[in-house]
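Encoded as structure tokens, the structure appears first; notes follow it.
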Amino acid sequence: MGDYDVFIIDLWGVLHDGTVAYPHAIETLQRLKENGKQTILLSNAPRRTRDLIQAMQRMGLHRSLYDEILSAGEATHCEIRNCRDPFYKTLGRHCWHLGPDRDRSVFDSLDVELVATPEEATFVVNTGPLAFHEDVDDYVTYLLRCRQRDLPMVCANPDQLVVSIDGGRAICAGALAARYEELGGRVSYRGKPDPAIYDMCLERLGQPDRCKVLAIGDTLETDIAGAAAAHIDAAFVTCGLHGRELGIAAYNEQAEPERVAALLARHHLRCRAVLPAFAW
């Protein structure tokens with residue numbers, strides 16, 4: 001930890017399991033703060049950061065434990081509002097929301113009219129399936145209707161899979177966006193592994209030297225690949241999304257180094273450190 005001054009920390013799979021904080025999470029955040037380190041929590045959740053703060057408060061992960069927080073939903077909100085990316089300048093005002101009502105904070109205070117069907121829309125914002133048990137095939141009809149209108153899609157959560165609360169796997173918005181691209185649709189992703197969201201993190205922390213920044217995450221396709229794309233070092237937490245794949249049966253259990261090396265090689269990734277859990 002001594003080589004780094006700034007830590008970009010994932011939430012689900014690193015700090016908590018969706019319901020409760022992991023045993024070492026609070027203490028480790030406290031120790032980072034005591035040692036003068038800057039921290040920003042970075043999540044691919046398709047909701048505004050205020051929603052994440054409230055959820056973490058209920059887990060004991062209080063706002064005083066970290067310096068900043070950013071979500072894919074917040075980044076999406078900012079892009080639609082500010083239109084810094086040319087993709088967003090031509091979206092229009094009529095949006096069809098593909099996702100559950102709990103994600104609608106993304107649209108708060110935006111000059112956007114939410115419409116009831118893809119046929120009324122000029123673009124679609126995808127925040128994921130309505131329920132954990134649903135699969136991509138359940139949404140093909142909706143995606144085809146969007147494709148018939150050639151609607152540009154904003155994906156507010158690039159994750160394709162997540163470990164659900166009961167320990168199973170569930171699809172996320174990224175899986176729906178990937179199928180839409182297969183159908184020929186245009187998609188803009190906001191969240192990890194898009195380097196733009198790491199730029200937003202560093203902006204919020206006063207533009208620190210990237211050589212002094214470490215990203216900590218449990219998902220290779222987003223956390224570790226995203227850090228690499230943003231030219232930031234990364235630490236891989238093995239007890240999260242890839243735990244089952246690595247043969248890990250319990251929290252904070254050490255993974256076999258050979259299995260970790262093989263998994264990283266399959267993804268063509270490297271990391272600065274491998275951690276069994278987010279523990280000091």
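So what's the projected area for the stretch 234-275, the Cα convex hull averaged over all directions, in nm²?
2.6
Between residue 266 and residue 212, what length comes free when the chain is fully extended (0.36 nm per residue of separation minus the Cα-Cα distance, one decimal in nm)?
Contour length minus Cα-Cα distance gives 16.7 nm.
Given 25 °C and 0.890 mPa s, compute D for the stretch 154-269 with the Stokes-Einstein relation, Rh being the Kirkwood radius over Cα pairs; round to the nearest whole µm²/s.
159
Mark the label point 7 Å from the Cα of residue 181 along Cα→Cβ and return the residues of the stretch 200-224 whose backbone N is within less than 15 Å of it.
What the label zone holds, given the 15 Å backbone N cut-off, is 221-223.
Could you state the angle between the C-alpha long axis of helix 25-34 and the longest principal axis of the C-alpha atoms of the chain, as a value from 0 to 90 degrees rounded to the nearest 10?
Helix 25-34 sits at roughly 70 degrees to that axis.
Express in nm, to one decimal, how much length is gained between residue 84 and residue 58 on full extension, taking 0.36 nm for each residue of separation and deducting their alpha carbon distance.
5.9 nm
Using every Cα-Cα pair within the stretch 90-189, state what percent have a distance larger than 18 Å.
Value for the stretch 90-189: 42 percent of Cα pairs lie more than 18 Å apart.
Using Cα-only point scatterers and the Debye equation, what is log10 of I(q)/I(0) for the stretch 1-98 at each q in 0.15, 0.16, 0.18 Å⁻¹, rounded to two decimals?
Here log10 of I(q) over I(0) equals -0.67, -0.73, -0.85.
So if the hydrodynamic radius of the chain is defined as the Kirkwood radius over C-alpha pairs, what does Stokes-Einstein give as its diffusion coefficient at 25 °C and 0.890 mPa s, in µm² per second? Show your work: numbers first, answer last.
Values: Rh = 19.2 Å.
It diffuses with D of about 128 µm²/s by this estimate.
Quick check for me: using +1 on Lys/Arg Cβ and -1 on Asp/Glu Cβ, what's the dipole size of the chain about its Cα centre, in debye to the nearest 20? The partial results should precede the final answer.
Values: 30 positive and 40 negative charges, 83 e Å.
Computed about the Cα centre, the dipole is about 400 debye.
If each DSSP helix of 4+ residues adds -39,500 (n - 2.57) and the sum is divided by the residues in the chain, what number results at 222 nm, nearest 500 deg cm²/dmol?
Here the helix-only value at 222 nm equals -8000 deg cm²/dmol.
Report, in debye and to the nearest 20, how large the dipole of the stretch 125-280 comes out about its Cα centre when Lys and Arg carry +1 and Asp and Glu carry -1 on their Cβ. Provide the component values of the computation, followed by the final result.
Values: 16 positive and 21 negative charges, 76 e Å.
With only Lys, Arg, Asp and Glu charged at Cβ, the dipole is about 360 debye.
Using alpha carbons only, how many degrees (0 to 90, rounded to 10) separate the axis of helix 173-182 from the longest principal axis of the chain?
Once rounded, one gets 50 degrees.
What is the helix-to-structure angle for 49-58, meaning the angle in degrees between its Cα long axis and the longest Cα principal axis of the chain, kept from 0 to 90 and rounded to the nearest 10?
50
State, to one decimal in nm, how far the label point of residue 251 lies from the label point of residue 102, with both points 7 Å from Cα in the Cβ direction.
2.0
Every read-out reported here was derived from the displayed coordinates using simple, explicitly stated rules and does not represent laboratory data. This one's a predicted model, so the numbers in the text were calculated from it and none came from an experiment. With ideal geometry, Cβ positions are generated from the backbone for all residues, glycine too; neighbour counts draw on all protein chains shown.
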